[in-house]
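The values are calculated or read from the model by the stated rules, or taken from the named source; none is laboratory data. The structure displayed is predicted, hence computed values, not measured ones. Virtual Cβ from ideal backbone geometry, glycine too; neighbours counted across all protein chains shown.
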Amino acid sequence: MKVGIIGAGFVGATAAFAMAMRGSCSEIVIVDADNAKAKAQASDIEHAVPFSFAMTVRDGDFQDLKGAKVIIISAGVNQKPGETRLQLLERNANIFRDIVPKVVAIESNAVIVVATNPVDILTSLTEQLAGLPEGQVMGSGTTLDTARFRALIGNELGVDPQHVHAYVIGEHGDSEVFAWSSANVAGLSIPSFCKARQVRWNEEIQSQIADNVRKAAYHIIEGKGATYYGIGAVLARISEALIRNHRAVLTVSANIPEFGVALSLPRLVSGKGIDGLIGVQTNDEERAALERSASVLREALSAIS
């Protein structure tokens, strides 16, 4: 199965490398406006293939996306230190207005995965521009935020994060919502687990975890200029779910008519794309926060629609 990646920057190249190391697909094609950069990234990753899984990694142009099962769009300008994801919007929206029609004209059967920030708004824009069937366009959404959330909870509780079930929903950004009311370990709510294990837990710890997740990207950008390893792994995981029909529950972003914008909720991701909305149990406070998050996104989307 072929995966196309549009954008040979940090995110696109790291996603390609993650796929090569995990054996996510049989072929990767990297496309970029800077042909020399795409070629260099493809060559560099190809030289790592002998140490992982057999596959082809090459550069190409839009025509080479024909036959791809998954097309990832990571093209765009980077987030600057102190800049919110929403402030990136107008700069990256114009790039998508050029790219998306070209992608659909060449391969309308591929599932398009948006990775460029602000990812929720650009996912909404991509759905509008592409005109593809429901479920065939998604954004990486809060998949990385959810992984960070589970990791920090697991670290605090002394539990493997794989056994922590907790979700970050809404915007991949400052208004994201932490669904604490349904978070659990092995079916036990976090307070119940902590009581049984005699682990300290309080609202201050919860607030610190949420704050660390929400500000993680900002801290990383301040330290090294960009985030790419985490999102690279996320894109590899999403691609595998699509290629191998894993029917994985992931907090990808897609349009919700009720909210009038794309945002993240747990969804079933299968070989045909998004195979349904799973949703998550929330309390009244979390539901209100989700509606506020949707309002933030709608306002930004209306500025470019």
Across (1) out of contact with any helix residue (DSSP H, G or I) (no Cβ under 7 Å at 6 or more places or on another chain); (2) touching a residue at least 40 places away in the same chain (Cβ under 8 Å); (3) not hydrophobic (A, V, I, L, M, F, W, C), Gly170 clears everything bar (1)
I'm trying to understand the selection: among the residues of the stretch 26-64, which are surrounded by 21 or more Cβ atoms within 10 Å (Cβ to Cβ) and either under 21 Å from the mean Cα position of the chain (by Cα) or farther than 27 Å from Gly271 by Cα (or both)? Ile28, Val29, Ile30, Val31, Asp32, Ala38, Gln41
Could you grab the pairs with beta carbons closer than 7 Å, sequence gap of 6+ or different chains, first residue in the stretch 18-43 and under 12 Å from Ser239 (Cα atoms), second one among the aromatic types (Phe, Trp, Tyr)? Gly23/Phe53
Subset tally (residues that are touching a residue at least 60 places away in the same chain (Cβ under 8 Å) and within 16 Å of Ile5 (Cα to Cα)) for the stretch 81-113: 6
Of the residues that make up the stretch 210-227, is at least one under 13 Å from the mean Cα position of the chain (by Cα) and either modelled with pLDDT of 95 or more or crowded, with 23+ Cβ neighbours inside 10 Å (or both)? no
Per the list (1) surrounded by 16 or more Cβ atoms within 10 Å (Cβ to Cβ); (2) in contact with an Asp or Glu (Cβ under 9 Å, 6 or more places away or on another chain); (3) within 21 Å of Asp98 (Cβ to Cβ), residue check on Ala20 breaks on (3)
Within the stretch 175-200, which residues are over 21 Å from Gln281 (Cα atoms) and assigned to a loop (DSSP other than H, G, I, E, B)? Gln198, Val199, Arg200
State whether one or more residues within the stretch 132-149 are within 30 Å of Glu204 (Cα to Cα), without any contact (Cβ under 8 Å) to a residue 24 or more places away in the chain and in a helix (DSSP H, G or I). no
For Leu263, state whether it is outside any helix (DSSP H, G or I), surrounded by 13 or more Cβ atoms within 10 Å (Cβ to Cβ) and either of a type in the set (A, V, I, L, M, F, W, C) or at pLDDT 95 or above (or both). yes
Exactly one of Ala147, Ala93 is at pLDDT below 95 and of a type in the set (A, V, I, L, M, F, W, C), and that residue is Ala93
Identify the residue in the stretch 241-260 that is among the polar types (S, T, N, Q) and assigned to a loop (DSSP other than H, G, I, E, B) and, among all such residues, is surrounded by the fewest Cβ atoms within 10 Å (Cβ to Cβ). Asn245
Return the only residue of Gly141, Gly173, Gly135 being touching a strand residue (DSSP E or B) at 6+ places or on another chain (Cβ under 9 Å), under 29 Å from Asn255 (Cβ atoms) and either of a type in the set (Lys, Arg) or surrounded by 21 or more Cβ atoms within 10 Å (Cβ to Cβ) (or both). Gly141
Has the stretch 58-72 got any residue that is part of a loop (DSSP other than H, G, I, E, B), at pLDDT 95 or above and under 30 Å from Glu299 (Cβ atoms)? no
Would you call Leu250 hydrophobic (A, V, I, L, M, F, W, C) and within 21 Å of the chain's Cα centre (by Cα)? yes
Whichever residue in the stretch 73-85 is aliphatic (A, V, I, L, M) and modelled with pLDDT of 95 or more and, among such residues, is surrounded by the fewest Cβ atoms within 10 Å (Cβ to Cβ): Ala75
